[in-house]
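Student: One structure is given below, represented as structure tokens, and several questions about it will come after.
Bear in mind that the values in this text are calculations on the coordinates, not laboratory data. Please read these numbers as outputs of a predicted model, since none were measured by experiment. Backbone-built Cβ (ideal geometry, glycine too); neighbour counts: all protein chains shown.
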Amino acid sequence: MKRKEMKPGQLVRLADDSQRWSGFVDLNRIGIVLEFHHSRAKVLFADGQTELHWYFSLEAVNEDR
């Protein structure tokens, strides 16, 4: 995901990139972007965890359903 595409309130998940994540990382968790600074986004996931992630390690969730 490109930084200029990211906005607060957007639904995201961790990018499906087998080279980036180890096998124990759950790539199906969905979260919402709370804010972003420089190259990192603060994401609140559905399980209640708040995490900082690089913007390029996130992908938008299709919101058009």
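Student: Please list, in chain and number order, the residues 5+ apart from I30 or on another chain whose amide H is under 5 Å from its amide H, with Hs placed from the backbone.
Tutor: For I30, the qualifying residues are A46.
Student: Tabulate in residue order the Karplus-calculated ³J(HN,Hα) for the range 45-57, using 6.51 cos²θ - 1.76 cosθ + 1.60 with θ = phi - 60°, rounded to whole Hz; enter x for Gly and Pro.
Tutor: Karplus values, whole Hz, x for Gly and Pro: 8, 4, 7, x, 7, 10, 9, 9, 9, 4, 4, 6, 9.
Student: In addition: Over its Cα atoms, what ratio of radius of gyration to 2.2 N^0.38 Å does the chain give?
Tutor: 1.03
Student: Here is a further query. Can you give the FRET efficiency to the nearest 0.05 for E51 and R20, using r as the Cβ-Cβ distance and R₀ = 22 Å?
Tutor: Calculated value: 0.90.
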